[in-house]
Amino acid sequence: MFTTTAVHTHAHTPQLATRFARNTRVHRSDTPLDDEQMRHAAPSIFAEGKHASRSERYTYIPTIDVLRGLRREGFEPFMVAQSQSRIEGKTAYTKHLIRMRHAGQVQARGRDTEAHEIILINSHDGASAYQMLAGVFRFVCCNGLVVGQTAHDIRIPHKGNVQHDVIEGAYRVLDEFGAVSESTTAMKALTLDGDEEQAFATAALALRFGERVDGQSPAPVTAEQLTRPRRIEDIGSSLWSTFQRVQENALRGGLPGRSAQGRRIETRPVGSIDRSVSINRALWILAEEMRKLKA
């Protein structure tokens, strides 16, 4: 059971409880990361104490201790990220993110094309509570999706039995992956026509590039460009295929386009962790809403 003083769940918002700077350091791997690999990219995971700004009420538990507890429960890390700080000495305590998979979801097996992931966010400088989100990793393109409203996110403040609550929270997120699988299956079974594909991509453009007051799109690319497949596995007219093409093209960049001044440019990848997670979750919610409309 969860103690209401330690765990807060949120099912209605695509916002993160924390923000990551643009100069976030990221390390991904197709095999579980060991401690040295994580330490190189995200040393704050191994912080040996809390930042001096924290009060006595702040319960300090190293993220690595929590991760080791999760490892004993069958979870393994495949991606870590850490934001930097301009304040001298603070980088050792800043916000960090870990994407984990449970045993049996480590590599693609048979017909498996996706793996469920749990995303853990924390800091040791008071900038973030422990936060746990549901994610889906797609093997064919190495895309890390973030689930929107289908599963709850869990936030655990730095007080009480933090390690126990985080492990319990991980299992709660894991338990909700049944609903995530149902949603994914339903998206794969639903066919979109050309107008519906265009509508989905147009909404995604606004999420990625914003909207101007005059109603004109500030996007340097077109909605049609977002729907183009990058590999043969992405060809298809299902909602899931459209979602995957749009997500990858919007976040990975590399599309030829024109700036507001008419110059030829190439879209940049979304490098900020917080921006990537926010867009990912918003796109998942968009796909869910289209699925409901088509049902």
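Laboratory data are not the source of any read-out in this text; all were calculated from the coordinates shown. The model shown is predicted, which means the values in this text are computed figures rather than measured ones.
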Between the alpha-carbon centers of segment 223-295 and segment 163-207, tell me the distance in whole angstrom.
-> 14 Å
What do the square roots of 5 times the Cα gyration tensor eigenvalues come to for segment 194-294, in whole Å, largest first, as semi-axes of the equivalent ellipsoid?
-> 21, 15, 14
Additional length obtainable on full extension of the chain from HIS164 to ALA189, 0.36 nm per residue less Cα span = 5.1 nm
